[in-house]
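The values are calculated or read from the model by the stated rules, or taken from the named source; none is laboratory data. Just so it is clear, the structure is predicted and the values come from calculations on it, not from any experiment. So basically every Cβ, Gly included, is an ideal-geometry build from the backbone, and we count neighbours across all protein chains shown.
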Amino acid sequence: MAVKLYHIFLLTTLFGQAATTHAGLERFWSISKDDVAVEEQLNECDHLNKEQQHQLITTYQSIRDEEQKLDLKKRMEWFCQLSDDEQQRMRLAWQNMSTQERNQLKKKLQTTTDSEKRNQIRHEVVKKYNNIN
C-alpha cells in the first residue's frame with residue numbers, strides 16, 4: 001500500500017514538474033523591469049573577485065548593523081524615559097502578546113510618523129494586555 005502511494009506521489013510530482021517546465025516560467029512568473037535591474041546587479045556581483053565580494057558583504061553588514069544599533073538605541077532611550085510603572089506595564093503587555101501581534105505592532109509603529117498616534121497605539125496595547133492579568 002505504501003509503495004503504491006509512493007509511486008502515485010512520484011508520478012504526480014514528475015508530471016507536475018514536466019507541465020511547468022513545458023509551459024515555461026513566463027506563465028507563472030511575470031518578469032518586470034525591476035527584476036531585470038536586480039538580475040543585472042546580481043550579474044555584476046558575479047564578476048567581482050572573492051576579495052571584492054567579501055569587502056562588499058562586509059560593508060553591507062556593517063551598514064546594516066549600524067542601522068540596527070541606532071534603531072535599538074532609539075527604542076531603548078524611549079523606554080528609559082518612561083516611569084518605572086509604565087516600563088513594567090509595557091513589559092507585561094509585550095510578554096502577553098504573540099509573535100504575530102508583536103510584528104503587527106512593530107509595523108504599525110514604523111509606518112506611523114505622528115508621535116501622538118504612536119503614543120495612542122502604545123496606550124491601547126498596554127490597556128488591552130494589562131486587563132488580561
Filtering the range 71-99 for residues that are under 18 Å from the mean Cα position of the chain (by Cα) and over 16 Å from Arg122 (Cα atoms) leaves a count of 3
Of the listed residues (Gln68, Gln61), the one being under 30 Å from Arg122 (Cβ atoms), at pLDDT 85 or above and surrounded by 10 or more Cβ atoms within 10 Å (Cβ to Cβ) is Gln68
Does the range 14-36 include one or more residues that are over 30 Å from Ala93 (Cα atoms) and modelled with pLDDT of 75 or more? no
**Request:** Would you check if Asn96 is surrounded by 14 or more Cβ atoms within 10 Å (Cβ to Cβ) and of a type in the set (S, T, N, Q)?
**Result:** yes
Reported set for the range 100-116 where residues are closer than 19 Å to Asp71 by Cα and part of a helix (DSSP H, G or I) is Arg102, Asn103, Gln104, Leu105, Lys106, Lys107, Lys108, Leu109, Gln110, Thr111, Ser115
Restricting the range 104-116 to residues that are within 16 Å of Tyr129 (Cβ to Cβ) and modelled with pLDDT under 90, the one surrounded by the fewest Cβ atoms within 10 Å (Cβ to Cβ) turns out to be Lys106
